[in-house]
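Each reported figure results from applying straightforward, stated rules to the coordinates on display, with no laboratory input. All values reported here derive from a predicted model rather than from experimental measurement. Cβ: placed from backbone, ideal geometry, glycine included. Neighbour counts: every protein chain shown.
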Amino acid sequence: MAQKKIGVLGSGTVGETLANGFLKHGHDVMRGSRDPNKLSGWKEKAGPKAQIGTFAEAAKFGDAVVLAVKGSAAESALKAAGFDALAGKVVMDTTNPIADKPPESGVLSYFTTLQESLMERLQKLAPKARFVKAFSSVGAGLMVDPKFKAGRPTMFVCGNDAAAKTDVTAILDGFGWETADMGPAIAARAIEPLCMLWCIPGFTQNRWTHAFKLLQQ
Ligand SMILES: NC(=O)c1ccc[n+]([C@@H]2O[C@H](COP(=O)([O-])OP(=O)(O)OC[C@H]3O[C@@H](n4cnc5c(N)ncnc54)[C@H](OP(=O)(O)O)[C@@H]3O)[C@@H](O)[C@H]2O)c1
């Protein structure tokens, strides 16, 4: 992918991992937070191609945007980012709709149902943004340049905009993934719950080093 400016909305582990990944792969990055000051240590370490700002500043900065905030805060983070700033841009949606309660036997609870995913809600809220679900079904530690003996793991993506998915597929290819396009935004109803499945070995056996692979005959 040609060098781009990437706005990363998120001060957590995913925001940091993907911001570092985009920097490593030659892009300019601005990370956004409600409180950008808390990212100043990261900026110092990350070097001259790294910037920090508010959600609105990061959204405006990006040619493409990563949404990496707590699922229950995703709608308010988008509002803070500004719908005009996101219009026409690819938004890589890493979020999962995890409810605020502990897992039961390793199984997380979601605040959505199987009839409505978080990404569909976000796409309705910001209809001019070009959402692509991506990076939601693996732990942050494996998102960039994952290494497995069995070869490239599979990232499941979906979204309503074919060109946006082509762009995200190129990014995933550079980050060491094969991509499986599951169709329009409605497929997020199936992709978001993969996080629940991915987390079970983590919560029950402290194993967090796996990824999904789709085998084809
Ligand atoms: N952790 C993983 O390995 C992993 C893997 C795949 C997908 N995900 C998903 O990726 C997303 C980010 O996960 P994370 O672990 O990096 O961090 P997180 O703790 O889920 O989210 C941190 C971010 O959420 C924002 N936030 C929290 N409450 C908010 C509110 N009321 N209004 C606006 N923003 C708010 C914070 O904003 P401030 O910066 O302003 O504090 C911060 O930027 C989540 O949806 C998660 O489910 C996580």
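Okay, here's what the table says:
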item	result
Theoretical ellipticity at 222 nm over the chain - DSSP helices of four or more residues, -39500 (n - 2.57) apiece, nearest 500	-9500 deg cm²/dmol
Convex hull volume of the range 167-207 per residue (C-alpha atoms, cubic angstrom)	81
Value in Å of the Kirkwood radius, where the range 146-217 supplies the Cα pairs that are averaged	13.4
Relative contact order of the range 3-154, defined on C-alpha pairs under 8 angstrom at six or more residues apart (%)	22
Cβ-based exposure ranking for Ile186, Ile6, in which fewest neighbours within 10 Å come first	Ile186, Ile6
Proximal lysines to Lys101, defined as alpha-carbon separation beneath 18 angstrom and excluding residues fewer than eight positions away on the same chain	Lys70
The range 1-121 - Debye-derived log10 I(q)/I(0), Cα point model, q = 0.18 Å⁻¹	-0.89
Alpha carbon convex hull of the range 1-70, projected area averaged over orientations, nm²	4.0
Span from the the range 159-200 Cα centroid across to the the range 8-54 one, whole angstrom	23
Along each principal axis, Cα extent of the range 132-182, largest first, Å	32, 17, 15
Simple spin-label estimate for Ala2 and Asn37 in nanometres, 7 Å along Cα-Cβ	4.0
Cβ charges +1 (Lys, Arg) and -1 (Asp, Glu), total dipole of the chain, debye	300
Those aspartates and glutamates that a straight Cα-Cα span of less than 13 Å connects to Lys5, excepting residues fewer than 8 apart in one chain	Asp28, Glu57, Asp63
Kirkwood Rh and Cα Rg combined as Rg over Rh, evaluated for the range 75-217	0.97
Qualifying chymotrypsin sites (Phe, Trp or Tyr not before Pro) in the range 130-217, DSSP loop, other Cβ atoms within 10 Å at most 16	Phe148, Trp208, Phe212
All-pairs alpha carbon distance profile, the range 57-123, 5 Å steps from 0, percent	4, 16, 26, 22, 14, 9, 6, 3, 0
